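Report on the following structure.
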Amino acid sequence: MVRTKNPAVRTQLIERAAQMLRVREPVTLRSVVAGTGLSTMAVYTYFGGMDGLWRAMRQEGFTRLAAKLDAVSLTEDPVQDLAALGSAYVANALADPDLYRVMFDAGFELENPAAADESLHSLVSAVERAKGAGRFRADVDPLAVATQSWAVGHGLVSLVATGPLPPQALDHGASILTALFTSCGDGPETCRRSVGLGWRPTATG
């Protein structure tokens, strides 16, 4: 008889492994099920082994990020939306710092590699809207600006969620993004106002 897999058990093991990483405990076949009431066979049943668990952890991180970005309500201001998407990225990392660290461990392939591109695609779309609205110059490369925007959020939140800086350091993102977007052709005052409305990582984190 084939038993139906319980999604809650899968999530429990993923979060258990992530939490162990956070407190620097070794993640092994036995340690990950210790105290859960599950046997080591559960790791094989749900993930096919430890490598599968690591892949699933990376995937879960990107899945949660995609949900966070999808929840951003787009406005008629694409520059504000660009900043808001950056805030959502930061908020996601602050909410799940354990999974956030694992997301970028390229030592294990993703179950669905395309998932890693979804967050970048959201930013690319917002840059294209900014070009269409005349906020950014026509010669601006949407992929390049989206990548730079991602780098701003990723760099700051890495230093806060997994590094030495306090949460207040996230406020620097507003001035960095304003400088980036004005270099793309947006007016300084308009840009500053739009970014200020969208970049609120501390409030949304």
Practice item. Any chance you could look up the accessible area of Glu118 with a 1.4 Å probe, heavy atoms only, rounded to 10 Å²? Key: 90
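Test of the criteria: in segment 19-97, which trypsin sites (Lys or Arg not before Pro) are in a DSSP loop and have at most 15 other Cβ atoms within 10 angstrom of their Cβ?
Working: sites: Arg22, Arg24, Arg30, Arg55, Arg58, Arg64, Lys68; in loops: Arg24, Arg30.
Filter output for segment 19-97: Arg24, Arg30.
Send over a whole-number figure in Å² for the accessible area per residue of the chain, probe 1.4 Å.
Numbers: 10520 Å² over 205 residues.
Heavy-atom accessible area per residue stands at 51 Å².
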Review point. In the Gaussian network model of the chain, springs joining C-alpha atoms below 10 Å, which of Leu159, Leu99, Leu69 carries the largest mean-square fluctuation?
Key: Leu159
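With charges set only on the Cβ (+1 for Lys and Arg, -1 for Asp and Glu), what does the dipole of segment 1-142 come to about its Cα centre, in debye to the nearest 20?
Dipole about the Cα centre, nearest 20: 560 debye.
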Practice item. Starting from the Cα gyration tensor of segment 54-124, take the square roots of the eigenvalues, sort them a ≥ b ≥ c, and report rounded, prolate or oblate (rounded when a/c is under 1.5, otherwise prolate if a/b is larger than b/c, else oblate). Key: prolate
Revision key, fill the gap. Whole-Å distance linking the alpha carbon centroid of segment 79-109 with that of segment 165-185 is 16
Review point. In a GNM of the chain with a 10 Å cut-off on Cα contacts, which of Pro167, Pro26, Pro78 has the highest mean-square fluctuation?
Key: Pro26
Review point. Shape call for segment 1-71 from the C-alpha gyration tensor, a ≥ b ≥ c root eigenvalues: rounded (a/c under 1.5), prolate (a/b greater than b/c) or oblate?
Key: oblate
Practice item. Counting other Cβ atoms within 10 Å, keep those with at most 12, restrict to DSSP loop, and tell me which chymotrypsin sites (Phe, Trp or Tyr not before Pro) in segment 109-187 are left. Key: none
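Using just the helices of the chain, give the 222 nm mean residue ellipticity in deg cm²/dmol: DSSP H runs with n ≥ 4 each add -39,500 (n - 2.57), and the total is spread over all residues, rounded to 500.
Details: 10 runs with 134 residues, N = 205.
That calculation yields -21000 deg cm²/dmol at 222 nm.
Which percent of the accessible area of the chain is formed by carbon and sulfur heavy atoms (probe 1.4 angstrom)?
Numbers: 5720 of 10520 Å².
It is 54 percent, rounded to a whole number.
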Point to revise | Loop-resident sites, segment 1-92, for GluC sites (Glu not before Pro), counting at most 12 other Cβ within 10 Å (DSSP) | key: Glu76
Revision key, fill the gap. Taking Cα atoms, the helix 78-95 axis meets the longest principal axis of the chain at an angle in degrees (rounded to 10) of 30
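The values are calculated or read from the model by the stated rules, or taken from the named source; none is laboratory data. None of these values were measured; they are calculated from a predicted model. FYI the Cβ positions are ideal-geometry reconstructions off the backbone, even for glycines, and counts take in every protein chain you see. The protein model used for the area step is the full one, side chains on, heavy atoms only, and it has no ligands, DNA or RNA in it. Shrake-Rupley method; radii C 1.70, N 1.55, O 1.52, S 1.80 Å.
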